[in-house]
Structures are given as structure tokens and as C-alpha cells.
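J.: Right, I'll just put the structure down here and ask away after.
The values are calculated or read from the model by the stated rules, or taken from the named source; none is laboratory data. On a predicted model such as this, the values are computed, not experimentally measured, just so you know. All Cβ positions, even for glycine, are placed from backbone atoms using ideal geometry, and neighbour counts span all protein chains on display.
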């Protein structure tokens, strides 16, 4: 036995009641409460954890970069003060350290930009939850009611607009959490090892940079014998011969540091700028496709009529 079909008036009443309930739930944050009782809440939780962790990693990496920069500046100042006669070593050390020092300055700006981007995304997630469910859903329900009961105002057009606003509300509500969860998945799959390796190596490089190229000389001893004088001259000559080897080792350290800093720049630019833009672009395309669906259905009904 087929169930009795609803009359057009009863359908309008049923849809109107549903629209009123949804509107009230959205205004009173009831939709958020209902979403918190569904698996959707995991999306928000994971996204919040991602943004908190990403901000902490960005700040920690920024601190490592600034400490390396401070170590380099200290070594440069020390070498400029030493300036062994006839060797021109102060200029050589400066030339070796300048490339990584300049790159660290640029890296600091990248880390600042990444931190700001993560902070903005975290705030937008909260704003999206408010606008998506409390504002756009309420407006879409009002438009749906107007389309149902005021056909002269363009009922089909209002209903289509209500559906589109409902789609937008869902996209606005969940776009930033989706960005966060996607970013976490891509980071774990492709970027985590690169980040860990580079940050650990920067700490090692900072320790190597802090080692002086020229060892400090001890206090002169008065009334040394001939053997002591010869021994000091021999040690000084050996130290001079070792200086070039130390500069070469410092050059290798700097080149390794440049590689690791570049790697970290890639990680954070991908994680905080490039990937969010790609995901948002994909969601915008999806929303656009969903937007066009109600219009096509309405056009199909008009053609059939």
C-alpha cells in the first residue's frame, strides 16, 4: 500500500516548519551544537590542533634562525677584532658568512609571514563558523520561506538563491578546517622528515659557527727561554697554516646551512601559503559547480513546462 502523498499546501507547511527550525538553530548556535555531536566535530578538533602545532613549529624555527643569526654576527665581530697581521682573515670570514647571514634575514621574513598566515587561518576558522552557520544559513532559510509563500517575488529564483547560499554557508563553515586537515596530512606524508632533519642540522651548524676560526692567544710570558720562544713560533706557524683549513670547513658548514634553510623555506611556504591557496581554489571550484546545479535544474523545469 503506497503512503498517502502530501498536498502542495502541506508540503509548503512542512518545508516552512523545517526552515524555521533550521533558522532558529543557526541563530542560537544550535547547529554548532548538533555538529559537535557528529563526526564533523573531529574536523574542527584536528584543524585546531594543526594550527596550534604549526604556529608553535613556526615560532620555534624562527627562534632557531635568529639564534644562528646571532651566532654568526658574534663570530663576524670577533674575527673583525682579531684581524691577524698580513692574512686579511677578517674579510675572508665575513665573505664566508655573509651569504648565510643574508639568507637568514630573508628566512626570518618568510617565518614571520608563515606565522601570520597561520594565525589568520586560525581566526578565519572561528569567523567562518559564525558566518557560515549563524548568518548565511539563517539568510538562506528566510529566502526559502519568501520563495515558498511569496511567489510573486520570484519564488523559483528565491529558492534557487537560498540553495546557493546554503552551499556557500557549508563552504565558508568548513573551508578553513579542510585546509588545516589537508595541510596536516600533506605535512605528515611529505614534509615532516624534511622539517625535522633541517631544524636539527641548523642546531648543529650553530654550534660549529660559534667555534672561533682564530684561537685566542695566551698571555705573553716574560723572560722565556730560547726553547719556549721557538715553541711559540712553531705553534703560531702551525695555527696560521690551519686557519685556511678552518675557513674551508666553515665554508662547507655555511653551504650546508644554506641548503637546510632553503629546505625549511620550502616547507613553510608550501604548508602555509601554497597549499591553503590550492585547497581554497579547489573548494571555490566545487562551490561554483554546485552553484550551477540549481540553475540548471530550474532551467530544466522551465523547459519542461
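J.: When you scan the range 111-120, how many residues do you find that are more than 12 Å from residue 271 (Cα to Cα) and either surrounded by 23 or more Cβ atoms within 10 Å (Cβ to Cβ) or in contact with a strand residue (DSSP E or B) (Cβ under 6 Å, 6 or more places away or on another chain) (or both)?
T.: 0
J.: So how many residues does the range 122-168 have that are farther than 30 Å from residue 276 by Cα and assigned to a helix (DSSP H, G or I)?
T.: Selection size over the range 122-168: 17.
J.: Now, a different point. From the list 280, 250, 286, which residue is surrounded by fewer than 17 Cβ atoms within 10 Å (Cβ to Cβ), over 30 Å from residue 56 (Cβ atoms) and in contact (Cβ under 8 Å) with a residue 24 or more places away in the chain?
T.: 286
J.: Let me ask you something else. Just give me the residues in the range 260-273 being surrounded by fewer than 17 Cβ atoms within 10 Å (Cβ to Cβ) and under 9 Å from the mean Cα position of the chain (by Cα), in sequence order.
T.: Within the range 260-273, 269, 273 meet the criteria.
J.: Could you run through the range 14-48 and say how many residues are more than 16 Å from residue 128 (Cα to Cα), in a helix (DSSP H, G or I) and without any contact (Cβ under 8 Å) to a residue 24 or more places away in the chain?
T.: Summing the residues that are more than 16 Å from residue 128 (Cα to Cα), in a helix (DSSP H, G or I) and without any contact (Cβ under 8 Å) to a residue 24 or more places away in the chain in the range 14-48 gives 8.
J.: Being touching a helix residue (DSSP H, G or I) at 6+ places or on another chain (Cβ under 9 Å), modelled with pLDDT under 90, farther than 30 Å from residue 114 by Cα and surrounded by fewer than 12 Cβ atoms within 10 Å (Cβ to Cβ) is true for just one of 38, 28. Which residue is that?
T.: Selected residue: 28, the only one of 38, 28 that is touching a helix residue (DSSP H, G or I) at 6+ places or on another chain (Cβ under 9 Å), modelled with pLDDT under 90, farther than 30 Å from residue 114 by Cα and surrounded by fewer than 12 Cβ atoms within 10 Å (Cβ to Cβ).
J.: The conditions are (1) touching a helix residue (DSSP H, G or I) at 6+ places or on another chain (Cβ under 7 Å); (2) closer than 23 Å to residue 34 by Cβ, and residue 121 fails exactly one of them. Which is it?
T.: Single failed check for residue 121: (2).
J.: Do we have residue 119 as over 30 Å from residue 251 (Cα atoms), assigned to a helix (DSSP H, G or I) and modelled with pLDDT of 85 or more here?
T.: Taking the combined requirement at face value, the residue satisfies it.
J.: Just give me the residues in the range 183-211 being more than 14 Å from residue 264 (Cβ to Cβ), within 16 Å of the chain's Cα centre (by Cα) and buried (at least 18 other Cβ atoms within 10 Å of the Cβ), in sequence order.
T.: Of everything in the range 183-211, those that are more than 14 Å from residue 264 (Cβ to Cβ), within 16 Å of the chain's Cα centre (by Cα) and buried (at least 18 other Cβ atoms within 10 Å of the Cβ) turn out to be 183, 184.
J.: Next question, about the same structure. Could you tell me whether any residue of the range 150-171 is free of Cβ contacts under 8 Å to residues at least 24 places away in the same chain, farther than 19 Å from residue 22 by Cβ, surrounded by fewer than 17 Cβ atoms within 10 Å (Cβ to Cβ) and under 16 Å from the mean Cα position of the chain (by Cα)?
T.: no
J.: Scan (1) surrounded by fewer than 18 Cβ atoms within 10 Å (Cβ to Cβ); (2) under 15 Å from residue 209 (Cβ atoms); (3) at pLDDT 80 or above for the single condition residue 65 breaks and write down its number.
T.: Every listed condition holds for residue 65 apart from (1).
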